[in-house]
Amino acid sequence: MALTLGALAGKIGGALHNGDPDCEVSSVATLQHATGGDISFLSNRSYRKYLPATRAGAVILAPEDLPDCPVAAIVADNPYVAYAHAAALLFPPPADRQGVHPAAVVDDSCTIHASAWIGPHVVIEAGVTIDAGVQIAGGCHIGADTVIGPGCRIAPNVTIYHGVSIGARVNIAAGAVIGSDGFGLASENGKWVPVPQLGGVRIGDDVDIGANTTIDRGALDDTVLEEGVRLDNQIQVAHNVHIGAHTAIAGCVGISGSAHIGRHCLIGGGAGIVGHLEITDNVVITGMTMVTRSITEPGVYSSGVPAQDNDSWNRNYARFRQLDKLARKVQRLEKQATTASSTGSTGTGGNE
(Lines give C-alpha, C1' and ligand atoms only; values in the text may rest on other atoms or scores of the structure.)
Protein backbone atom coordinates (compact mmCIF):
# COMPACT_ATOMS: atom_id res chain seq x y z
CA MET A 1 0.00 0.00 0.00
CA ALA A 2 1.08 3.63 -0.45
CA LEU A 3 1.56 6.16 2.35
CA THR A 4 2.56 9.81 2.32
CA LEU A 5 5.85 10.67 3.97
CA GLY A 6 4.03 12.85 6.47
CA ALA A 7 1.69 10.06 7.50
CA LEU A 8 4.47 7.49 7.58
CA ALA A 9 6.71 9.67 9.76
CA GLY A 10 3.86 10.21 12.21
CA LYS A 11 3.01 6.52 12.45
CA ILE A 12 6.60 5.42 13.13
CA GLY A 13 7.43 8.24 15.53
CA GLY A 14 9.98 10.01 13.30
CA ALA A 15 10.47 13.58 12.11
CA LEU A 16 10.38 14.39 8.39
CA HIS A 17 13.17 16.61 7.07
CA ASN A 18 13.74 18.12 3.62
CA GLY A 19 10.76 16.40 2.06
CA ASP A 20 7.22 16.98 0.85
CA PRO A 21 4.87 15.47 3.44
CA ASP A 22 2.38 14.68 0.64
CA CYS A 23 4.90 12.67 -1.40
CA GLU A 24 3.98 8.98 -1.45
CA VAL A 25 6.10 5.86 -1.01
CA SER A 26 4.81 2.36 -1.61
CA SER A 27 7.79 0.03 -1.29
CA VAL A 28 11.12 -0.50 0.46
CA ALA A 29 14.64 -0.94 -0.94
CA THR A 30 18.31 -0.70 -0.04
CA LEU A 31 20.11 2.61 -0.20
CA GLN A 32 21.96 1.63 -3.37
CA HIS A 33 18.91 0.30 -5.25
CA ALA A 34 16.05 2.50 -4.05
CA THR A 35 14.17 4.84 -6.40
CA GLY A 36 11.66 7.63 -5.87
CA GLY A 37 8.78 5.45 -4.70
CA ASP A 38 10.86 3.57 -2.13
CA ILE A 39 11.64 4.14 1.51
CA SER A 40 15.12 3.06 2.64
CA PHE A 41 16.99 3.16 5.93
CA LEU A 42 20.48 3.44 7.41
CA SER A 43 21.32 1.72 10.67
CA ASN A 44 24.53 -0.21 9.96
CA ARG A 45 27.58 2.04 9.61
CA SER A 46 28.99 -0.26 6.93
CA TYR A 47 26.34 1.03 4.52
CA ARG A 48 26.83 4.74 5.17
CA LYS A 49 28.97 5.01 2.04
CA TYR A 50 25.81 4.49 -0.06
CA LEU A 51 23.90 7.37 1.53
CA PRO A 52 25.26 10.36 -0.48
CA ALA A 53 24.26 8.80 -3.81
CA THR A 54 20.93 7.26 -2.87
CA ARG A 55 17.88 8.00 -5.03
CA ALA A 56 15.31 6.82 -2.48
CA GLY A 57 12.09 8.71 -1.96
CA ALA A 58 13.15 9.03 1.67
CA VAL A 59 15.64 7.50 4.08
CA ILE A 60 15.02 6.59 7.71
CA LEU A 61 18.19 7.49 9.62
CA ALA A 62 19.71 8.75 12.84
CA PRO A 63 20.16 12.50 13.53
CA GLU A 64 23.93 12.39 12.94
CA ASP A 65 23.45 11.11 9.38
CA LEU A 66 21.01 13.81 8.31
CA PRO A 67 23.62 16.27 6.91
CA ASP A 68 24.81 13.69 4.34
CA CYS A 69 21.36 12.69 3.10
CA PRO A 70 20.59 14.08 -0.41
CA VAL A 71 16.88 13.20 -0.29
CA ALA A 72 14.01 13.47 2.15
CA ALA A 73 14.78 11.95 5.54
CA ILE A 74 12.77 10.61 8.45
CA VAL A 75 14.92 11.04 11.55
CA ALA A 76 14.44 8.44 14.27
CA ASP A 77 16.32 7.53 17.43
CA ASN A 78 16.40 3.87 16.35
CA PRO A 79 16.29 3.73 12.54
CA TYR A 80 16.11 -0.06 12.34
CA VAL A 81 13.07 -0.28 14.60
CA ALA A 82 11.46 2.62 12.73
CA TYR A 83 12.10 0.83 9.44
CA ALA A 84 10.52 -2.36 10.81
CA HIS A 85 7.36 -0.43 11.63
CA ALA A 86 7.41 1.29 8.23
CA ALA A 87 7.77 -1.98 6.33
CA ALA A 88 4.91 -3.51 8.32
CA LEU A 89 2.69 -0.55 7.42
CA LEU A 90 3.55 -0.70 3.72
CA PHE A 91 3.18 -4.49 3.53
CA PRO A 92 0.35 -5.47 5.88
CA PRO A 93 -0.44 -9.19 6.21
CA PRO A 94 -3.25 -10.57 4.08
CA ALA A 95 -6.75 -10.19 5.42
CA ASP A 96 -7.81 -12.93 7.80
CA ARG A 97 -10.10 -15.66 6.53
CA GLN A 98 -12.87 -17.28 8.50
CA GLY A 99 -14.47 -20.67 8.59
CA VAL A 100 -13.46 -24.30 8.10
CA HIS A 101 -12.32 -25.56 4.71
CA PRO A 102 -14.36 -28.53 3.46
CA ALA A 103 -11.20 -30.63 3.22
CA ALA A 104 -10.34 -30.11 6.91
CA VAL A 105 -11.02 -32.86 9.47
CA VAL A 106 -12.21 -31.43 12.78
CA ASP A 107 -13.41 -33.50 15.72
CA ASP A 108 -16.92 -32.64 16.90
CA SER A 109 -15.69 -32.02 20.45
CA CYS A 110 -13.48 -29.09 19.42
CA THR A 111 -14.27 -25.47 20.26
CA ILE A 112 -13.42 -23.24 17.30
CA HIS A 113 -14.18 -19.52 17.32
CA ALA A 114 -16.30 -18.34 14.41
CA SER A 115 -13.62 -15.84 13.34
CA ALA A 116 -10.89 -18.51 13.04
CA TRP A 117 -9.78 -20.09 9.78
CA ILE A 118 -9.02 -23.80 9.40
CA GLY A 119 -7.32 -24.48 6.07
CA PRO A 120 -7.49 -27.48 3.75
CA HIS A 121 -6.29 -30.88 4.97
CA VAL A 122 -5.89 -29.66 8.53
CA VAL A 123 -6.57 -32.36 11.12
CA ILE A 124 -7.78 -31.27 14.55
CA GLU A 125 -8.19 -33.94 17.20
CA ALA A 126 -10.61 -34.12 20.13
CA GLY A 127 -10.91 -31.41 22.77
CA VAL A 128 -8.93 -28.71 20.96
CA THR A 129 -9.79 -25.06 21.67
CA ILE A 130 -9.04 -22.46 18.98
CA ASP A 131 -9.63 -18.82 19.88
CA ALA A 132 -10.64 -15.74 17.89
CA GLY A 133 -8.79 -14.83 14.71
CA VAL A 134 -6.52 -17.88 14.63
CA GLN A 135 -5.31 -18.70 11.11
CA ILE A 136 -4.26 -22.31 10.49
CA ALA A 137 -2.88 -22.98 7.02
CA GLY A 138 -3.21 -26.20 5.06
CA GLY A 139 -1.70 -29.50 6.12
CA CYS A 140 -1.37 -28.80 9.84
CA HIS A 141 -2.07 -31.38 12.55
CA ILE A 142 -3.33 -30.23 15.96
CA GLY A 143 -3.25 -32.86 18.71
CA ALA A 144 -5.93 -33.52 21.30
CA ASP A 145 -6.63 -31.04 24.11
CA THR A 146 -4.36 -28.37 22.67
CA VAL A 147 -5.30 -24.73 23.31
CA ILE A 148 -4.42 -22.03 20.74
CA GLY A 149 -4.89 -18.42 21.86
CA PRO A 150 -6.31 -15.49 19.91
CA GLY A 151 -4.59 -14.06 16.86
CA CYS A 152 -2.15 -16.93 16.30
CA ARG A 153 -0.89 -17.64 12.78
CA ILE A 154 0.18 -21.17 11.98
CA ALA A 155 1.87 -21.75 8.62
CA PRO A 156 1.47 -24.86 6.45
CA ASN A 157 2.47 -28.32 7.64
CA VAL A 158 3.00 -27.47 11.30
CA THR A 159 2.55 -30.38 13.73
CA ILE A 160 1.34 -29.61 17.24
CA TYR A 161 1.05 -32.65 19.49
CA HIS A 162 -1.48 -33.21 22.25
CA GLY A 163 -1.78 -31.07 25.35
CA VAL A 164 0.11 -28.02 24.09
CA SER A 165 -0.85 -24.55 25.36
CA ILE A 166 -0.17 -21.60 23.03
CA GLY A 167 -0.77 -17.99 24.04
CA ALA A 168 -1.99 -15.02 21.99
CA ARG A 169 -0.49 -13.72 18.73
CA VAL A 170 2.01 -16.55 18.34
CA ASN A 171 3.49 -17.05 14.86
CA ILE A 172 4.62 -20.56 13.91
CA ALA A 173 6.45 -21.01 10.60
CA ALA A 174 6.12 -23.94 8.23
CA GLY A 175 7.28 -27.38 9.28
CA ALA A 176 7.68 -26.64 12.99
CA VAL A 177 6.98 -29.52 15.40
CA ILE A 178 5.78 -28.70 18.91
CA GLY A 179 5.24 -31.23 21.66
CA SER A 180 7.03 -34.27 20.27
CA ASP A 181 8.53 -36.68 22.80
CA GLY A 182 11.76 -35.63 24.43
CA PHE A 183 14.89 -37.79 24.18
CA GLY A 184 14.24 -39.68 27.41
CA LEU A 185 15.94 -43.08 27.61
CA ALA A 186 17.02 -45.42 30.39
CA SER A 187 19.63 -48.16 29.94
CA GLU A 188 18.75 -51.72 30.93
CA ASN A 189 21.12 -54.62 30.19
CA GLY A 190 22.65 -52.81 27.24
CA LYS A 191 19.31 -51.83 25.72
CA TRP A 192 17.45 -48.54 25.72
CA VAL A 193 14.09 -48.28 27.49
CA PRO A 194 11.96 -45.24 26.50
CA VAL A 195 10.95 -43.01 29.42
CA PRO A 196 7.37 -41.75 28.94
CA GLN A 197 7.28 -38.01 28.31
CA LEU A 198 4.27 -36.92 30.35
CA GLY A 199 4.66 -33.14 30.42
CA GLY A 200 3.49 -30.64 27.85
CA VAL A 201 4.64 -27.44 26.15
CA ARG A 202 3.54 -23.96 27.29
CA ILE A 203 4.14 -21.04 24.93
CA GLY A 204 3.51 -17.46 26.05
CA ASP A 205 2.07 -14.51 24.14
CA ASP A 206 3.80 -12.89 21.14
CA VAL A 207 6.24 -15.72 20.49
CA ASP A 208 7.71 -16.43 17.03
CA ILE A 209 8.82 -19.96 16.13
CA GLY A 210 10.85 -20.46 12.96
CA ALA A 211 10.54 -23.02 10.19
CA ASN A 212 11.45 -26.62 11.02
CA THR A 213 12.15 -25.77 14.63
CA THR A 214 11.34 -28.54 17.11
CA ILE A 215 10.18 -28.11 20.70
CA ASP A 216 9.94 -31.29 22.77
CA ARG A 217 7.36 -31.85 25.46
CA GLY A 218 8.50 -32.18 29.06
CA ALA A 219 9.24 -35.45 30.77
CA LEU A 220 7.16 -34.52 33.84
CA ASP A 221 6.95 -30.73 34.03
CA ASP A 222 6.32 -28.65 30.90
CA THR A 223 8.77 -27.20 28.42
CA VAL A 224 8.20 -23.42 28.64
CA LEU A 225 8.71 -20.47 26.32
CA GLU A 226 7.81 -17.22 28.04
CA GLU A 227 6.27 -14.22 26.30
CA GLY A 228 8.09 -12.50 23.44
CA VAL A 229 10.60 -15.29 22.76
CA ARG A 230 11.93 -15.33 19.20
CA LEU A 231 13.19 -18.60 17.72
CA ASP A 232 14.83 -18.74 14.29
CA ASN A 233 14.69 -21.71 11.90
CA GLN A 234 15.93 -25.23 12.66
CA ILE A 235 16.38 -24.89 16.41
CA GLN A 236 16.15 -27.89 18.74
CA VAL A 237 14.56 -27.21 22.14
CA ALA A 238 14.73 -30.37 24.25
CA HIS A 239 12.41 -31.53 27.01
CA ASN A 240 11.90 -29.36 30.09
CA VAL A 241 13.88 -26.43 28.68
CA HIS A 242 12.75 -23.05 30.02
CA ILE A 243 13.38 -19.95 27.89
CA GLY A 244 12.82 -16.57 29.52
CA ALA A 245 10.82 -13.69 28.12
CA HIS A 246 12.10 -11.76 25.08
CA THR A 247 15.10 -14.00 24.50
CA ALA A 248 16.08 -14.32 20.82
CA ILE A 249 17.82 -17.43 19.46
CA ALA A 250 19.35 -17.68 15.98
CA GLY A 251 19.21 -20.68 13.67
CA CYS A 252 20.64 -24.15 14.25
CA VAL A 253 21.03 -23.75 18.02
CA GLY A 254 20.72 -26.95 20.06
CA ILE A 255 19.45 -26.71 23.64
CA SER A 256 19.71 -29.87 25.73
CA GLY A 257 17.15 -31.02 28.26
CA SER A 258 16.30 -29.05 31.41
CA ALA A 259 18.48 -26.07 30.50
CA HIS A 260 17.11 -22.82 31.93
CA ILE A 261 17.76 -19.72 29.83
CA GLY A 262 17.02 -16.30 31.31
CA ARG A 263 15.18 -13.25 30.01
CA HIS A 264 16.46 -10.87 27.32
CA CYS A 265 19.25 -13.20 26.22
CA LEU A 266 20.70 -13.32 22.68
CA ILE A 267 22.06 -16.63 21.41
CA GLY A 268 23.98 -16.74 18.14
CA GLY A 269 23.55 -19.29 15.39
CA GLY A 270 24.92 -22.79 15.80
CA ALA A 271 25.51 -22.47 19.54
CA GLY A 272 25.13 -25.55 21.73
CA ILE A 273 23.83 -25.51 25.29
CA VAL A 274 24.37 -28.48 27.60
CA GLY A 275 21.45 -29.68 29.68
CA HIS A 276 20.68 -29.02 33.35
CA LEU A 277 22.49 -25.68 33.48
CA GLU A 278 21.26 -22.12 34.03
CA ILE A 279 21.95 -18.98 32.03
CA THR A 280 21.05 -15.77 33.80
CA ASP A 281 19.24 -12.78 32.28
CA ASN A 282 20.87 -10.43 29.73
CA VAL A 283 23.48 -12.84 28.44
CA VAL A 284 24.83 -12.74 24.87
CA ILE A 285 26.24 -15.99 23.50
CA THR A 286 28.05 -15.55 20.20
CA GLY A 287 27.65 -17.91 17.26
CA MET A 288 29.02 -21.47 17.46
CA THR A 289 29.71 -21.16 21.18
CA MET A 290 29.48 -24.32 23.29
CA VAL A 291 28.03 -23.61 26.73
CA THR A 292 29.00 -26.38 29.17
CA ARG A 293 28.59 -24.60 32.52
CA SER A 294 26.01 -22.31 34.06
CA ILE A 295 26.42 -18.58 33.40
CA THR A 296 25.61 -16.52 36.47
CA GLU A 297 26.71 -13.04 35.36
CA PRO A 298 25.31 -10.96 32.47
CA GLY A 299 27.74 -10.32 29.62
CA VAL A 300 29.04 -11.63 26.31
CA TYR A 301 30.36 -15.21 26.14
CA SER A 302 32.20 -16.92 23.28
CA SER A 303 34.07 -20.08 22.37
CA GLY A 304 35.15 -21.85 19.19
CA VAL A 305 37.89 -21.10 16.69
CA PRO A 306 37.23 -18.71 13.79
CA ALA A 307 38.11 -19.88 10.27
CA GLN A 308 41.65 -19.34 8.99
CA ASP A 309 43.68 -20.55 6.03
CA ASN A 310 44.32 -24.29 6.05
CA ASP A 311 48.11 -24.12 6.44
CA SER A 312 47.80 -21.89 9.51
CA TRP A 313 45.14 -24.15 10.99
CA ASN A 314 47.28 -27.26 10.52
CA ARG A 315 50.27 -25.61 12.20
CA ASN A 316 48.17 -24.24 15.07
CA TYR A 317 46.40 -27.56 15.58
CA ALA A 318 49.74 -29.37 15.75
CA ARG A 319 50.79 -26.96 18.50
CA PHE A 320 47.45 -27.32 20.24
CA ARG A 321 48.06 -31.06 20.59
CA GLN A 322 51.33 -30.28 22.38
CA LEU A 323 49.78 -27.88 24.91
CA ASP A 324 49.42 -30.45 27.70
CA LYS A 325 53.04 -31.58 27.34
CA LEU A 326 54.17 -27.95 27.23
CA ALA A 327 52.12 -27.05 30.32
CA ARG A 328 53.61 -29.95 32.30
CA LYS A 329 57.11 -28.90 31.25
CA VAL A 330 56.46 -25.32 32.38
CA GLN A 331 55.17 -26.60 35.73
CA ARG A 332 58.35 -28.65 36.23
CA LEU A 333 60.55 -25.69 35.33
CA GLU A 334 58.62 -23.41 37.68
CA LYS A 335 58.96 -25.96 40.47
CA GLN A 336 62.71 -26.27 39.83
CA ALA A 337 63.09 -22.49 39.79
CA THR A 338 61.16 -22.16 43.05
CA THR A 339 63.27 -24.87 44.69
CA ALA A 340 66.52 -23.28 43.49
CA SER A 341 65.44 -19.87 44.70
CA SER A 342 64.44 -21.26 48.09
CA THR A 343 67.76 -23.11 48.47
CA GLY A 344 69.74 -20.02 47.52
CA SER A 345 67.93 -17.78 49.96
CA THR A 346 68.68 -20.05 52.95
CA GLY A 347 72.42 -20.48 52.25
CA THR A 348 75.05 -19.40 54.80
CA GLY A 349 76.86 -17.03 52.48
CA GLY A 350 80.33 -18.60 53.25
CA ASN A 351 82.56 -15.49 52.83
CA GLU A 352 80.32 -13.13 54.74
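The values are calculated or read from the model by the stated rules, or taken from the named source; none is laboratory data. As the structure is a prediction and not an experimental result, all values here were calculated from the model. Using ideal geometry, Cβ is built from the backbone for each residue, glycine included, and neighbour counts are taken over all protein chains shown. Protein only, heavy atoms only, side chains kept; ligands, DNA and RNA dropped before computing areas. Shrake-Rupley method; radii C 1.70, N 1.55, O 1.52, S 1.80 Å.
Which whole-Hz ³J(HN,Hα) couplings does the stretch 272-277 yield from phi under the Karplus relation 6.51 cos²θ - 1.76 cosθ + 1.60, θ = phi - 60°, glycine and proline marked x?
x, 10, 5, x, 6, 10
Normalising by the residue count of the stretch 137-193, find the relative contact order in percent from Cα pairs under 8 Å and 6+ residues apart.
Values: 113 pairs, mean separation 17.3, N = 57.
It rounds to 30 percent for the stretch 137-193.
If packing is taken as the average count of other Cβ atoms within 10 Å, what order do 185-196, 224-235, 36-47 fall into, highest mean first?
On the way: 185-196: 8.9, 224-235: 20.9, 36-47: 17.2.
Highest to lowest by the protection proxy: 224-235, 36-47, 185-196.
Express the relative contact order of the chain as a whole percentage, based on alpha carbon pairs under 8 Å and six or more residues apart in sequence. Please report the intermediate quantities before stating the final value.
Values: 946 pairs, mean separation 21.7, N = 352.
This gives 6 percent for the chain.
May I ask for the net charge around residue 75, where only other residues with Cβ less than 13 Å from the Cβ of residue 75 are counted and Lys, Arg are +1 while Asp, Glu are -1? Don't skip to the answer; put the middle values down first.
On the way: positive: none; negative: 64, 65, 68, 77.
It works out to a net charge of -4.
Carbon and sulfur atoms: what percent of the 1.4 Å accessible area of the stretch 247-299 do they account for?
In the stretch 247-299, the share of accessible area belonging to carbon and sulfur is 55 percent.
Size of the dipole of the chain about the Cα centre, Lys and Arg at +1 and Asp and Glu at -1 on the beta carbon, nothing else charged, in debye to 20? Mind showing how you got there, number by number?
Working: 22 positive and 33 negative charges, 310 e Å.
Using Cβ point charges on Lys, Arg, Asp and Glu, the chain gives about 1500 debye.
Using per-residue counts of other Cβ atoms within 10 Å, averaged over each peptide, order 171-183, 323-335 from highest down.
Values: 171-183: 20.5, 323-335: 9.8.
Result, highest mean first: 171-183, 323-335.
What are the residues whose amide H is under 5 Å from the amide H of residue 277, where those residues sit 5 or more places off or on another chain and H is modelled from the backbone?
Amide H neighbours of residue 277, under 5 Å, 5+ apart: 259, 260.
Once you list every other residue whose beta carbon is under 13 Å from the beta carbon of residue 235, what net charge do they have if Lys and Arg are +1 and Asp and Glu are -1?
Details: positive: 230; negative: 208, 216, 232.
Computed value for this residue: -2.
So which lysines can residue 325 reach, going by Cα to Cα under 29 Å and dropping same-chain residues fewer than 8 places off?
Within the straight-line cut-off, residue 325 pairs with 335.
If each residue of separation counts as 0.36 nm, what is the full-extension length gain between residue 300 and residue 97 once their alpha-carbon separation is subtracted?
Values: separation 203, 0.36 × 203 = 73.08 nm, distance 4.40 nm.
Going from the current span to full extension adds 68.7 nm.
Tell me the mean residue ellipticity at 222 nm calculated for the chain from its helices only (DSSP H runs of n ≥ 4, each -39500 (n - 2.57), averaged over every residue, nearest 500). It would help to have the intermediate numbers written out before the result.
Numbers: 4 runs with 54 residues, N = 352.
The helix contribution divided over the chain gives -5000 deg cm²/dmol.
For the stretch 1-51 and the stretch 84-130, what is the separation of their C-alpha centers, rounded to whole Å?
34 Å
Pop out the ³J(HN,Hα) list for the stretch 91-99 in order, Karplus 6.51 cos²θ - 1.76 cosθ + 1.60 with θ = phi - 60°, rounded to Hz; leave Gly and Pro as x.
10, x, x, x, 4, 5, 9, 9, x
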